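Read-outs: derived from the displayed coordinates by stated rules, not from any lab. Because the structure is predicted, anything quoted here is derived from the model rather than measured. FYI the Cβ positions are ideal-geometry reconstructions off the backbone, even for glycines, and counts take in every protein chain you see.
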Amino acid sequence: MSYEFPEALLIQFAKAPLLGRVKTRMQPVLSELQSLQLHRDLVRRTHATLHQEDLCQSQLWVSDVDSTGFFQSLLPPPDIQYQRGIDLGERMHLAIATGLQQWQSVILIGSDCPAINTRYLRRTLQALGSVDVVLGPAADGGYVLIAMKVAEQRVFAGVAWSTCRVLAQTRARLASLQLSYVELPVLHDIDRPEDLVHLESLAPL
């Protein structure tokens, strides 16, 4: 296959689709079963976005063994890897560092931001031509995307994950490490009941 950016890797992070373990902040507005279905829909949509165009190679890094077979059912079949590390920062760093052993740059996204599209990913890949890091800010103060050309563990150390301080702390670390970066437009994660409204405006894939 011929990729537009053959030197880059796209990594999608996803939790295993386990009842009662995903999208728990949606409850009680959504039931456990509805929360699970939402998670599966978001994972599927993100995976489909990565394969709409032949931008670059991609991998799906999952949190745990999927006994349901959901990940294996995705089309096209994903290259599945397993996350390692104590917290989110360590897991992200290890995934990016692993990718950079083979590719010149790595983009890492979660599975909670259905607004990420091919245009957004292409802008990221183009921006990496002139900076060390690209950030996709989230409306809640975190980020929906991080892309890197260097595996710098200190970018992820000591960050208060799942809080509104993530983006600000990451900016401060990048500045202290003298890593150049750019930010893309702000997007919305689908994490809480009030975020569900952002699903309504999405165009079908």
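Please sort by residue number the chymotrypsin sites (Phe, Trp or Tyr not before Pro) in the range 142-172 whose DSSP state is loop and whose Cβ has at most 16 other Cβ atoms within 10 Å.
Details: sites: Tyr143, Phe156, Trp161; in loops: Phe156, Trp161.
Filter output for the range 142-172: Trp161.
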For this session: For the range 57-167, restrict the atom set to alpha-carbon positions and state the Rg and Dmax in Å.
Result: 14.2, 42
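Determine how many Å³ per residue the convex hull of the Cα atoms of the range 159-205 encloses. Intermediate values should be presented prior to the final figure.
Values: hull volume 5.1 nm³, N = 47.
Given the Cα convex hull of the range 159-205, per-residue volume reads 109 Å³.
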Exercise. Considering only Gln37, Thr68, Cys164, whose Cα is most displaced toward the positive end of the charge dipole of the chain, charges sitting on Cβ of Lys, Arg (+1) and Asp, Glu (-1)?
Worked result: Cys164
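Rounding to the nearest 20 debye, state how big the charge dipole of the chain is about its Cα centre with +1 on each Lys and Arg Cβ and -1 on each Asp and Glu Cβ.
On the way: 18 positive and 21 negative charges, 55 e Å.
Dipole of the chain, to the nearest 20 debye: 260 debye.
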Seminar exercise, completed: Expressed to one decimal in nm², the mean projection of the alpha carbon convex hull of the chain is 10.8 nm²
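Just the number, please: percent antiparallel of the DSSP beta bridges in the chain, rounded to the nearest 5. Please report the intermediate quantities before stating the final value.
Numbers: 9 of 27 bridges.
That works out to approximately 35 percent antiparallel.
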For this session: Scan the range 164-205 for trypsin sites (Lys or Arg not before Pro) in coil per DSSP, keeping those whose Cβ has at most 15 other Cβ atoms within 10 Å, and list them by number.
Result: Arg165
Seminar exercise, completed: Put in order of increasing Cβ neighbours within 10 Å, starting from the fewest, Lys15, Lys149 give Lys15, Lys149
Exercise. How many angstrom lie between the C-alpha centres of the range 89-153 and the range 34-69?
Worked result: 16 Å
Problem set entry | Dipole moment magnitude, nearest 20 debye, the range 23-115 about Cα centre, only Lys, Arg, Asp, Glu C-beta charged | 160 debye
Problem set entry | Mean separation of Cα contacts under 8 Å, 6 or more apart, over the residue count of the chain: relative contact order % | 23 percent
Seminar exercise, completed: Per the rule of 0.36 nm per residue minus the C-alpha distance, extending Ala203 to Val65 adds in nm 46.5 nm
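When the helices in the chain are scored as -39500 (n - 2.57) per DSSP H run of 4 or longer and the sum is shared across all residues, what 222 nm value do you end up with, to the nearest 500 deg cm²/dmol?
Calculated mean residue ellipticity at 222 nm is -8500 deg cm²/dmol.
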